[in-house]
Amino acid sequence: MDSSLGLRSPPALSSMLKGGAISLFLDFDGTLVDLAPGPDAIRPRPDLAERLTELDARLDGRCALVSGRAISDIESHIGPVPLAAAGSHGLEIRSATGNPIGDTPQGLPPVIERELREFATENDIDYEAKPHGGALHYRSNPARGDEADRFAESLALSHGWSAQRGKCVVELVAKDANKGSAVFKLMQTDAFAGSRPFFIGDDLTDEAGFVACADLGGAGILVGEREPTQARFQLPDVSSVHEWLEL
């Protein structure tokens, strides 16, 4: 069925698996769990880690979580997950066995963190400290969103970092951090090499993952509606993602 964006639903996962090796790259917030007023207010289904582990087995180890959250943050909510994963927008990447892939990422410079915290306090929005960045959340005060975006972009530019916008959030991360680069790095590993990749995500930061998968012969699957998008397919919401993944 076509969506209002002209995107079709992806073929059934079972039929895709019959067509050759595929890999799945899954965003977390807004894709596997519903968005919440704050990052700690999410309510994942209790068996999510177990179901993802079963999905990974069906894919012969070619399933990965790719999130703006740190990997440790995801596991603090759903428990340990023996999957490949890329956290902090691709700054930290690990194999399914827990071995790091790539260089150790740098932490947020104290001067940037201080300015983000001060801005959040002065503008009645939330600051989230991350292992490899910092985020301004304005879902509780959306009127401050435009100003937060502008401030973050200016701060990032002055310090040689990058500002990435999402749904009611703007985050400062290192310049080379994006979900597309995480896809490329994971696809170079033995576990994923030779497969056709598909990225499922809902946010602006997932567009880089859509593009990477398309470049590698796969496609992006958008959750919800957003224009423009580089995705080829679409699923309406988190529950439909779970249904399509047969979780």
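Taking the 0 to 90 degree range and rounding to the nearest ten, how far is the long axis of helix 48-58 tilted relative to the main principal axis of the chain, both from C-alpha atoms? Value to nearest ten degrees: 40.
Per-peptide packing, taken as the mean over residues of other Cβ atoms within 10 Å, places 57-69, 143-155, 27-39 in the sequence 57-69, 27-39, 143-155 from highest down.
Work out the FRET efficiency for Ala129 and Asn99 from their Cβ-Cβ distance, taking R0 = 30 Å, and round it to the nearest 0.05.
That pair, Ala129 with Asn99, gives E of 0.70.
For Lys179, the lysines whose Cα comes closer than 20 Å to its Cα, not counting residues fewer than 8 places off in the same chain, are Lys130, Lys167. In terms of the mean number of neighbouring beta-carbon atoms within 10 Å, the peptides 44-55, 200-211 order highest first as 200-211, 44-55.
Annotation: lysines with alpha-carbon distance below 26 angstrom to Lys18 (same-chain offsets under eight excluded): Lys185.
Think of it as helices only: each DSSP H run of n ≥ 4 in the chain is worth -39500 (n - 2.57), and spread over all residues that comes to -9500 deg cm²/dmol at 222 nm. Normalising the average separation of contacting C-alpha pairs (under 8 angstrom, six or more residues apart) by the number of residues puts the relative contact order of the chain at 21 percent.
FYI, it's all coordinate maths here, none of it is from the lab. What you see is a predicted model; the values in this text were computed from it and never measured. Every residue, glycine among them, receives a Cβ derived from its backbone with ideal geometry; neighbour counts consider all protein chains shown.
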